[in-house]
Structures are given as C-alpha cells and as structure tokens.
Amino acid sequence: MKKIIFIGLAFLFPLGLLAQRAAVVKVDASLVPDAVKQQQATKYPGVTVERWDKKTVTSRKGVTVTRFVAVFSLDNQRVRARYAPDGTPLTASLYLRPDMLPQPVTDACKNKYPGMTITAGEKITVFKTGREVYRIRLRKANAVTIVCLNPDGTDVETKMTQEELSESANEE
C-alpha cells in the first residue's frame, strides 16, 4: 500500500511543479498595459476583445516571462493574439473546424496518419516573421496526435517552431 501511495505521489509531484511554472489568469482590461491595447487595436481595428488573459511562465532556470492574450472573435472564429508587456505582437491563433483547413493540410494528414480523424485545427501566425503554421489535432480511438504543418502540407522544421509555437501552447 505504501508503495502505491509513493508511486502516486511521484507522479503527482511533477504535475504540481508544472502548475506552479505556468499560470493563465483572466485580467480586467484596466490591468493590461496601454501599449498592448494599442497594438491590439492597430492589428485588429474595430474588433472587441471579449477577454484578456495574463500568462506567466517561469522556466526551470527561474526566468519569468509574462504575456498578455487578447481573446476575441473574427468572422465568427475564435482568435487569441499574444503580446509582450511592451506591446510587441508575438503570435495569433485562429481556431478552425476540420472543414476549414486548407486542402493540402487535410490531404497531408490523411496520407501521413491513415485511420486518424482531424478533430481540430489552429492557424498560428508569427507576427515577427509573418510565417503561418497549422497545428492539427488528430484522433483515433483513445490516441491523440498533434502535428504542425506548413500551409502546403509539408512538415514544419522542429527547431523553427519550438519558440514560436510555445507562445500558444496549452491554451484553450
């Protein structure tokens, strides 16, 4: 019995550490820096932000990074735009139904992952480079796979995506 409890705690302890490293909280617009709100208004004129989130992540080395996330709808699709506290635009995620994905992306998923079903898609735009990447969620029974593809359906280079895609990871 003690062994089972110890094993259970061994699995739960790291989860507790992860929860302390990243925090996303809803914040009132009055707490969002003016530079961030101005950049949002410039990037998406006339769009009303439905909610602001503040995401704080602390790395293993103890470096803390804060991001402000504007959550809004654009053409009836959910969007999250991420900004540094100084207003620098970072990334934006447009959430897509499977039928809204580009045909090359859909075809690549069907060819590379036969038998799996596309359950959701996300078009990620990196503001600094203008690059667009599709993050696709696939499912077959209890197995879930997430892949990143270029608009033409080719695989995204891992080294390029780590920093860019981490801006939008673990958000719903």
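Quick note: the coordinates plus some simple rules give every number you see, no bench work behind them. Keep in mind it's a predicted model, so treat the numbers as computed, not measured. Positions of Cβ are generated from backbone atoms using ideal geometry, with glycine treated the same way; all protein chains shown enter the neighbour counts.
With respect to the cross-link table entries 55/112; 26/140; 55/128; 37/128; 54/140, which display a Cα-Cα separation exceeding 22 Å? Those over the limit are 55/112; 26/140; 54/140. 3J(HN,Hα) couplings calculated from phi for the range 65-77 with the Karplus curve 6.51 cos²θ - 1.76 cosθ + 1.60 (θ = phi - 60°) are, in sequence order, 10, 10, 10, 10, 10, 8, 10, 7, 10, 9, 6, 6, 10 Hz; Gly and Pro show x. Globularity index of the range 91-141 is 1.19 (Cα radius of gyration / 2.2 N^0.38 Å, N = number of residues). Below 11 angstrom from the Cβ of residue 50, what's the summed charge of the other residues (Lys, Arg +1; Asp, Glu -1)? Cβ neighbours under 11 Å give a net charge of +3.
Of all alpha-carbon pairs in the range 21-166, indicate the percentage at a distance above 20 angstrom. Tail of the P(r) past 20 Å holds 53 percent of the pairs.
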